[in-house]
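Encoded as structure tokens, the structure appears first; notes follow it.
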Amino acid sequence: MSGVYLVRHWLLAPAELQRPSFSAAPVLANPAAAAACRRYVDRDLNRAFTSTFLNSRPTPDDPYEVMRARELNQLLGPKASGRAFDFVLDLHNTTANMGTCLIAGSSHDVFALHLCRHLQLQYPELSCQVFLYQRSGEESYNLDSVAKNGLALELGPQPQGVLRADIFSRMRALVATVLDFIELFNQGTAFPAFELEAYRPVGVVDFPRTEAGNLAGTVHPQLQDQDFQPLQPGDPIFQMFSGEDLLYEGESMVYPVFINEAAYYEKGVAFVQTEKLTFSVPAMPALTPAPSPAS
């Protein structure tokens, strides 16, 4: 709800979002779901920005979020076009203990990764972790993918339908810093190369279930809230309702994220397995000024 209430405020008082070199526009991505205090109406909007949905012929039976994705694509995109917005910042909350998580597409998103590094340097106390959601060969599917560049802020833990003052204030400060970074870039600041640590998904783990598909256990207390912490083979991951522990049977260490995320119950995901990687991000040179018109 942090992003929802921030956008509602900015729609009434947008001056906070403006910078000398550019204008930022607040957009409520899913107004019908926000009005109903629900994550979505018919389907997950944040998985609806693929070519399959965006380019298919509209029908009267289309889910609300698919229709809304097409509207947002026309407003902010079109996706992969020269007319798309230069940058979209997508604001999210999570019920998982993800802290301040910065979600980029891949290690090739140079502008977004420099922005992540800037946020890490500005907020060392937040330990901003970088999550690269896009797997190799996979089409981008989230809202900010319709722009030329994008990033998502995922802040938690915060219950669904609840607004917490601390997380609201943290998100507001982060948005201001994002806009300040874009202003620095637009004014000709160059950013040097650096090494970045990030997390990339390698799989998901579902809850233990009965033959009828109901939960047979829950996330183990030793795993709960341990997002981005190493999970070794043999560590407990679930506590069965019958009393015994289920242990992690993977072949190597992973780093679980989105542990016990409320929105993922319907997706059959108790947590996402990630690997930690370190890679070089190339320098981002100063923006070349546009040539002055001939006199």
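Within the range 162-185, does at least one residue satisfy the condition of being assigned to a loop (DSSP other than H, G, I, E, B) and at positive phi? Checked the range 162-185: no residue is assigned to a loop (DSSP other than H, G, I, E, B) and at positive phi.
Restricting 89, 126, 113, 143 to residues that are assigned by the TED database to the domain that holds residue 50 and within 20 Å of residue 279 (Cα to Cα) narrows the list to 113. Scanning the range 49-70 for residues that are in contact with a Ser or Thr (Cβ under 9 Å, 6 or more places away or on another chain) and either assigned to a loop (DSSP other than H, G, I, E, B) or not assigned by the TED database to the domain that holds residue 145 (or both), we see that the one that is least open to solvent (accessible area, probe 1.4 Å) is 49. Any residue at all in the range 145-156 that is charged (D, E, K, R), farther than 16 Å from residue 281 by Cβ and in contact (Cβ under 8 Å) with a residue 40 or more places away in the chain? Within the range 145-156, one or more residues are charged (D, E, K, R), farther than 16 Å from residue 281 by Cβ and in contact (Cβ under 8 Å) with a residue 40 or more places away in the chain.
Filtered by the rule that a residue be open to solvent by 10 Å² or more (accessible area, probe 1.4 Å) and farther than 12 Å from residue 196 by Cα, the range 109-120 gives 109, 111.
Filter the range 218-235 for residues that are open to solvent by less than 30 Å² (accessible area, probe 1.4 Å) and touching a strand residue (DSSP E or B) at 6+ places or on another chain (Cβ under 6 Å); which is nearest to residue 288 (Cα to Cα)?
Here the residue is 228.
Residues considered: 30, 73, 46. Of these, the only one that is modelled with pLDDT under 95 and open to solvent by less than 40 Å² (accessible area, probe 1.4 Å) is 46. Pick from the range 195-217 the residues that are more than 18 Å from the chain's Cα centre (by Cα), surrounded by fewer than 16 Cβ atoms within 10 Å (Cβ to Cβ) and not aliphatic (A, V, I, L, M): which of them is farthest from residue 156 (Cα to Cα)? Among those that are more than 18 Å from the chain's Cα centre (by Cα), surrounded by fewer than 16 Cβ atoms within 10 Å (Cβ to Cβ) and not aliphatic (A, V, I, L, M), it is 211. Tallying residues that are in contact with a helix residue (DSSP H, G or I) (Cβ under 8 Å, 6 or more places away or on another chain), farther than 18 Å from residue 148 by Cβ and either aliphatic (A, V, I, L, M) or touching a residue at least 60 places away in the same chain (Cβ under 8 Å) (or both) within the range 49-68 yields 1. Exactly one residue out of 158, 187 is in the same structural domain as residue 38 (by the TED database), touching a Ser or Thr at 6+ places or on another chain (Cβ under 9 Å) and open to solvent by 30 Å² or more (accessible area, probe 1.4 Å), and it is 187.
For the range 190-295, the strands (runs of 3 or more DSSP E) that sit wholly inside it and include 3 or more residues that are among the hydrophobic types (A, V, I, L, M, F, W, C) are 194-205, 236-240, 271-281.
So is residue 152 closer than 26 Å to residue 38 by Cα, modelled with pLDDT of 95 or more and assigned to a loop (DSSP other than H, G, I, E, B) or not? Taking the combined requirement at face value, the residue does not satisfy it. Among the residues in the range 247-265, are any acidic (Asp, Glu) and buried (at least 19 other Cβ atoms within 10 Å of the Cβ)? Checked against the condition, which is being acidic (Asp, Glu) and buried (at least 19 other Cβ atoms within 10 Å of the Cβ), the range 247-265 yields at least one hit.
The values are calculated or read from the model by the stated rules, or taken from the named source; none is laboratory data. Every value quoted in this text rests on a predicted model; they were computed, and no experiment measured them. In this analysis, Cβ positions are derived from the backbone assuming ideal geometry, glycine residues included, and neighbour counts consider all displayed protein chains. Heavy atoms of the whole protein, side chains included, go into the accessibility calculation; ligands, DNA and RNA do not. Shrake-Rupley method; radii C 1.70, N 1.55, O 1.52, S 1.80 Å.
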